[in-house]
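Below is one structure; the comments refer to it alone.
The values are calculated or read from the model by the stated rules, or taken from the named source; none is laboratory data. All values derive from a computational prediction rather than experimental measurement. FYI the Cβ positions are ideal-geometry reconstructions off the backbone, even for glycines, and counts take in every protein chain you see. Note: accessible area is taken over every heavy atom of the protein model, side chains too, but ligands, DNA and RNA are not part of it. Shrake-Rupley method; radii C 1.70, N 1.55, O 1.52, S 1.80 Å.
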Amino acid sequence: MVYTDLDIERAPAKVETQCPFCSVQCKMTVTEVEEGVPGQRRTAYQIEGVPNAASEGRVCVKGMNAHQHAVHSQRLLEPLIRVNGELVSCSWDEAIHVISHRLMTITDQYGPDANAVYGGGSLTNETAYLLGKFARVALGTKYIDYNGRFCMSAAASAGSKTFGIDRGLTFRLADIPLARCIVLAGTNIAECQPTLLPYFNQAKENGAKMVVIDPRKTATAAIADIHLPIRPGTDALLADAMLKIIMDEGFVDEAFIRARTNGYDELRAYMNGFDLNRAADLCGLELEQIREAARSYGMAGTGMILTARGVEQQTDGHLAVRHFLNLVLATGKIGRESCGYGAVTGQGNGQGGREHGQKADQLPGYRSIENEEDRKYVASVWGVEASSLPGKGISAYEMMELVHQGEIKSLFVMGSNPVVSNPNAGHVVEGLKSLDLLVVADMFMSETAQLADIVLPVTSYLENEGTLTNLEGRVLLREAGREPPGEARHDWMILCSIADQLGKGLYFRFNGPEEIFNELRLASKGGVADYYGITYDRLRREEGVYWPCPSTEEAGVGLLFEQSFAHPDGKAVFTITEGERWGGVSEEYPLILTNGRVLSHYLTGVQTRRSSSLLARELENFAEIHPTTAQRYRVRDGEWVEVVSEHGSFTVRCRVGDSIRQDTLFVPMHWGGVQNVNHATRPELDPFCKMPGFKTTAVRIRSLKQANSLEG
């Protein structure tokens with residue numbers, strides 16, 4: 001139970017909701033009670049998990065304390081506009097008028113593509129859908145993308161190329177306990193999706209072999225039977241080494257390969273010349289470790305491979321995932337119970353958020369904006385001419401480059417904090433400061449909002465109804481149970497108001513999220529991500545429905561690819577493309593910087609750092625470093641250090657421990673300012689999916705005292 005002194009309107013007695021954070025989307029109730037004696041009353045909150053198919057009633061520490069940010073005294077309660085360099089209060093009418101007038105002025109002067117939209121993977125499906133429509137219909141710009149580009153893009157593009165479809169899990173969560181071998185590559189389930197951990201513990205209790213691939217001995221690696229402490233940046237090579245062993249030792253499923261895949265003969269020829277010893281050396285692993293892991297997966301009757309940001313957030317993340325998918329296909333471990341591949345989605349709506357139009361290249365239903373038939377169909381739903389829809393845009397960081405170059409003059413940010421989440425953060429800040437117009441819609445004064453010309457207050461998860469799609473492709477309805485505080489408005493209402501002022505109100509006549517969802521259903525109909533058969537009524541009755549679901553009479557599909565894959569010929573595709581060989585470290589920058597998450601925080605920390613209970617667990621950022629490395633560079637535990645790359649630097653406290661490789665530093669991603677790890681992150685992008693190389697930046701480290709004395 002957590003006590004909070006409310007400075008804004010209190011929540012009702014009981015709210016049925018779901019956690020706003022990770023991709024599990026745990027259901028829960030938030031109950032407000034008054035405690036204490038007269039004159040000293042205080043408000044307490046009781047949080048209880050509600051059983052559902054995803055989390056089975058579990059709630060983690062973030063979910064238990066999520067309400068603290070929703071009722072926090074720092075919530076934005078009225079629109080703000082910059083006057084003489086300061087953000088001051090204004091009315092909604094003034095804010096909407098100024099935004100629409102300045103957007104139209106920019107369009108008239110520079111064209112519609114001078115405006116850009118930047119979304120987020122925690123927005124509801126309804127808002128993500130509407131944001132894409134807003135960009136293309138109300139603004140007429142091709143420039144829209146979202147922060148999920150930094151989360152799921154590598155796995156999404158790899159899944160689409162290999163299977164013909166991208167969905168987080170190709171299996172159901174309920175299948176996990178019966179798998180005989182589970183490979184977790186670059187994912188720390190125990191801290192990032194802790195309510196899923198019991199599924200994996202059940203699998204271990206049933207005799208499953210657990211393989212964890214991570215340069216750190218995380219809480220997840222601690223439960224592994226085999227831990228491979230890989231050198232960051234060599235995941236594709238490790239996947240190839242495992243495949244070579246599986247091929248050589250006869251663990252491939254020849255019947256499955258011949259019947260259901262393409263490209264295996266070319267792959268086998270390529271692997272004939274593969275050097276296992278060299279691969280092990282480059283990966284920083286013992287060959288016998290790799291052999292044991294490969295045999296465990298190859299010999300198992302059922303098995304799963306799950307990847308997350310450790311594999312994906314690299315400049316060859318797309319290919320690294322595809323090389324792990326080669327393992328899945330070669331062993332035939334997909335399309336049947338307790339088998340498959342899973343991309344462990346990070347954000348609350350990371351799955352749904354990338355399906356319905358806020359990505360640069362997509363229209364609703366996972367349709368392609370470059371496909372003429374797709375354009376015609378969606379245009380018909382929207383009531384516009386297909387020729388009026390702009391073409392394909394560019395990725396999130398590439399938009400920041402155009403901002404910096406002055407080609408993009410305005411940026412509308414909703415549900416994201418690009419100042420902290422983008423690589424090369426200093427470059428991003430410079431660009432945002434140069435914009436003619438920066439509008440930020442947020443609950444709090446984020447690092448990005450601090451730079452804005454206009455800041456719009458939005459509602460929290462307790463107040464904003466809508467659907468979200470969890471990591472297994474299950475669409476869930478989050479009910480609203482609390483009135484918005486102050487003048488905060490729902491994000492979808494804001495978009496409709498601006499569109500109306502831009503003269504496009506005819507296309508944005510919605511009275512609630514259910515009406516938006518019904519249009520989304522129609523826009524997605526017949527697409528890869530078909531939501532047409534899902535309704536609010538069904539979601540309330542069934543507590544979640546898998547997509548694809550083309551009819552209200554059909555159940556959604558939980559286990560994918562039982563009969564065929566989603567390519568036109570029904571077959572999956574192997575890849576033989578070599579992963580990028582990262583340039584690695586140098587004498588000047590001898591260490592590898594990798595970033596990630598900690599249990600008590602989420603994304604850029606805008607919400608979790610407003611939770612006193614969560615903040616108390618991790619007050620500030622840190623750099624995890626091996627004792628031998630700390631001694632070599634003369635830094636001590638708890639000391640402030642400076643981490644420097646060729647792109648920039650940041651300062652954090654040093655945390656010395658032996659749970660990390662000697663050549664690697666780990667720094668969480670949840671802090672801005674001088675503690676922002678992305679001041680140093682390299683800006684190079686994956687050529688396939690435009691994922692930045694968050695996990696492989698060459699850096700050096702020194703104590704802040706040393707740095708200050710040298711500069712002095």
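Can you go through Ala630, Ala616 and tell me which one is over 26 Å from Ile213 (Cα atoms) and without any contact (Cβ under 8 Å) to a residue 40 or more places away in the chain?
Values: Ala630 fails: over 26 Å from Ile213 (Cα atoms).
None of the other options fit; the residue is Ala616.
Note on region 62-79: among residues that are open to solvent by 30 Å² or more (accessible area, probe 1.4 Å) and of a type in the set (A, V, I, L, M, F, W, C), the one that is nearest to the chain's Cα centre (by Cα) is Met64.
Yes or no: region 42-60 includes at least one residue that is among the hydroxyl-bearing types (Ser, Thr, Tyr) and in contact with a Cys (Cβ under 7 Å, 6 or more places away or on another chain). Checked region 42-60: at least one residue is among the hydroxyl-bearing types (Ser, Thr, Tyr) and in contact with a Cys (Cβ under 7 Å, 6 or more places away or on another chain).
If the condition is being in contact with a Lys or Arg (Cβ under 8 Å, 6 or more places away or on another chain), at pLDDT below 95 and charged (D, E, K, R), then region 129-184 contributes Arg149, Asp166. For region 365-375, the count of residues that are touching a residue at least 40 places away in the same chain (Cβ under 8 Å) and of a type in the set (A, V, I, L, M, F, W, C) is zero.
Could you pull out the residue among Ala320, Ala360 that is touching an Asp or Glu at 6+ places or on another chain (Cβ under 7 Å), buried (at least 20 other Cβ atoms within 10 Å of the Cβ) and closer than 25 Å to Arg260 by Cβ?
Working: Ala360 fails: closer than 25 Å to Arg260 by Cβ.
Answer to the selection: Ala320.
Only residues that are open to solvent by less than 30 Å² (accessible area, probe 1.4 Å) and more than 19 Å from Val183 (Cβ to Cβ): list them for region 253-262, please. Those that are open to solvent by less than 30 Å² (accessible area, probe 1.4 Å) and more than 19 Å from Val183 (Cβ to Cβ): Ile257, Thr261. Scanning region 517-540 for residues that are part of a helix (DSSP H, G or I), more than 15 Å from Tyr366 (Cβ to Cβ), open to solvent by less than 20 Å² (accessible area, probe 1.4 Å) and not hydrophobic (A, V, I, L, M, F, W, C) turns up Tyr536, Arg538. Counting only helices (runs of 4 or more DSSP H) that sit completely within region 119-205, those holding 2 or more residues that are closer than 29 Å to Ser600 by Cα and open to solvent by less than 10 Å² (accessible area, probe 1.4 Å) correspond to 125-133, 153-163, 197-205.
Tell me the residue from Ser586, Ser659 that is in contact (Cβ under 8 Å) with a residue 60 or more places away in the chain, under 21 Å from Asn678 (Cα atoms), surrounded by fewer than 18 Cβ atoms within 10 Å (Cβ to Cβ) and of a type in the set (S, T, N, Q), please. Criteria check complete, one pass: Ser586.
The number of residues in region 72-85 that are outside any loop (DSSP other than H, G, I, E, B) and either touching a residue at least 24 places away in the same chain (Cβ under 8 Å) or more than 17 Å from Leu437 (Cβ to Cβ) (or both) comes to 3. Meeting the requirement of 2 or more residues that are within 25 Å of the chain's Cα centre (by Cα), the strands (runs of 3 or more DSSP E) wholly within region 634-683 are 649-656, 664-668.
Which ones in region 551-563 are of a type outside the set (Asp, Glu) and open to solvent by 60 Å² or more (accessible area, probe 1.4 Å)? Walk me through it before giving the result.
Taking region 551-563 and keeping what is of a type outside the set (Asp, Glu), we get 551-552, 555-561, 563.
Hits for region 551-563 are Thr552, Ala555, Gln563.
The set of residues in region 404-462 that are within 20 Å of Val98 (Cα to Cα) and assigned to a helix (DSSP H, G or I) comprises Leu432, Lys433, Ala449, Gln450, Leu451. Among the candidates Ala616, Ala630, Ala623, the residue that is outside any strand (DSSP E or B) and at pLDDT 95 or above is uniquely Ala630. Looking only at region 471-480, decide whether some residue is over 30 Å from Thr170 (Cβ atoms), open to solvent by 20 Å² or more (accessible area, probe 1.4 Å) and either touching a Gly at 6+ places or on another chain (Cβ under 7 Å) or not basic (Lys, Arg) (or both). The answer is yes; a qualifying residue exists.
Where residues in region 396-410 are among the aliphatic types (A, V, I, L, M) and in contact with a helix residue (DSSP H, G or I) (Cβ under 7 Å, 6 or more places away or on another chain), which of them is nearest to Ala114 (Cα to Cα)? Only one residue tops the list, namely Ile408.
So, of the residues in region 607-632 that are among the hydroxyl-bearing types (Ser, Thr, Tyr) and out of contact with any helix residue (DSSP H, G or I) (no Cβ under 9 Å at 6 or more places or on another chain), which turns out to be most open to solvent (accessible area, probe 1.4 Å)? Show your work before the answer.
Filtering region 607-632 for residues among the hydroxyl-bearing types (Ser, Thr, Tyr) gives 608, 611-613, 628-629.
Narrowing further to those that are out of contact with any helix residue (DSSP H, G or I) (no Cβ under 9 Å at 6 or more places or on another chain): 628-629.
Details: Thr628: 59, Thr629: 1 Å².
That would be Thr628.
Here's the yes/no breakdown for (1) in contact with a Phe, Trp or Tyr (Cβ under 8 Å, 6 or more places away or on another chain); (2) closer than 11 Å to Asn595 by Cβ:
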{"residue": "Arg655", "(1), (2)": "yes, no"}
{"residue": "Gln662", "(1), (2)": "no, no"}
{"residue": "Val667", "(1), (2)": "yes, yes"}
{"residue": "Val674", "(1), (2)": "yes, no"}
{"residue": "Pro692", "(1), (2)": "yes, yes"}
{"residue": "Thr696", "(1), (2)": "yes, yes"}
{"residue": "Arg700", "(1), (2)": "yes, no"}
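The residue that is most open to solvent (accessible area, probe 1.4 Å), among those in region 498-516 that are in contact (Cβ under 8 Å) with a residue 60 or more places away in the chain, part of a helix (DSSP H, G or I) and under 26 Å from Arg478 (Cβ atoms), is Tyr507.
The single residue among Glu78, Glu32, Glu94 that is modelled with pLDDT under 95 and among the charged types (D, E, K, R) turns out to be Glu32.
Residues in region 550-600 that are assigned to a loop (DSSP other than H, G, I, E, B) and in contact with a helix residue (DSSP H, G or I) (Cβ under 8 Å, 6 or more places away or on another chain): how many? Step through it out loud before you land on a result.
Filtering region 550-600 down to residues assigned to a loop (DSSP other than H, G, I, E, B) leaves 550-571, 574-590, 597-600.
Now restrict to residues that are in contact with a helix residue (DSSP H, G or I) (Cβ under 8 Å, 6 or more places away or on another chain): 552, 559-561, 564-567, 570-571, 574-580, 597-600.
Residues that pass the stated criteria total 21.
Counting only helices (runs of 4 or more DSSP H) that sit wholly inside region 254-365, those with at least 3 residues that are closer than 20 Å to Ala155 by Cα and at pLDDT 95 or above are 317-330.
Evaluate region 379-395: report whether one residue or more is at pLDDT 95 or above, closer than 18 Å to Glu312 by Cβ and either surrounded by fewer than 24 Cβ atoms within 10 Å (Cβ to Cβ) or in contact with a helix residue (DSSP H, G or I) (Cβ under 6 Å, 6 or more places away or on another chain) (or both).
Our first condition is that a residue be at pLDDT 95 or above; within region 379-395, this holds for 379-395.
Now narrow it down to the ones that are closer than 18 Å to Glu312 by Cβ: 395.
The next check asks that each one be either surrounded by fewer than 24 Cβ atoms within 10 Å (Cβ to Cβ) or in contact with a helix residue (DSSP H, G or I) (Cβ under 6 Å, 6 or more places away or on another chain) (or both); those that pass are 395.
Yes, region 379-395 contains a residue that is at pLDDT 95 or above, closer than 18 Å to Glu312 by Cβ and either surrounded by fewer than 24 Cβ atoms within 10 Å (Cβ to Cβ) or in contact with a helix residue (DSSP H, G or I) (Cβ under 6 Å, 6 or more places away or on another chain) (or both).
Every condition in (1) surrounded by fewer than 19 Cβ atoms within 10 Å (Cβ to Cβ); (2) of a type in the set (Ser, Thr, Tyr); (3) not in a helix (DSSP H, G or I) holds for Thr604 except the one numbered (1).
Residues in region 428-457 that are touching a His at 6+ places or on another chain (Cβ under 8 Å) and without any contact (Cβ under 8 Å) to a residue 40 or more places away in the chain were compared, and the one that is surrounded by the most Cβ atoms within 10 Å (Cβ to Cβ) is Val428.
State whether one or more residues within region 668-676 are among the small types (Gly, Ala, Ser) and crowded, with 19+ Cβ neighbours inside 10 Å.
yes
Please find, within region 238-252, the residue that is farthest from Val585 (Cα to Cα) out of those that are open to solvent by 10 Å² or more (accessible area, probe 1.4 Å) and either out of contact with any Phe, Trp or Tyr (no Cβ under 9 Å at 6 or more places or on another chain) or in a helix (DSSP H, G or I) (or both).
From region 238-252, those open to solvent by 10 Å² or more (accessible area, probe 1.4 Å) are 244, 247-252; that's our starting set.
Then drop every residue that is not either out of contact with any Phe, Trp or Tyr (no Cβ under 9 Å at 6 or more places or on another chain) or in a helix (DSSP H, G or I) (or both), which leaves 244, 247-250.
Values: Lys244: 27, Met247: 32, Asp248: 33, Glu249: 35, Gly250: 37 Å.
Checked region 238-252; the qualifying residue farthest from Val585 (Cα to Cα) is Gly250.
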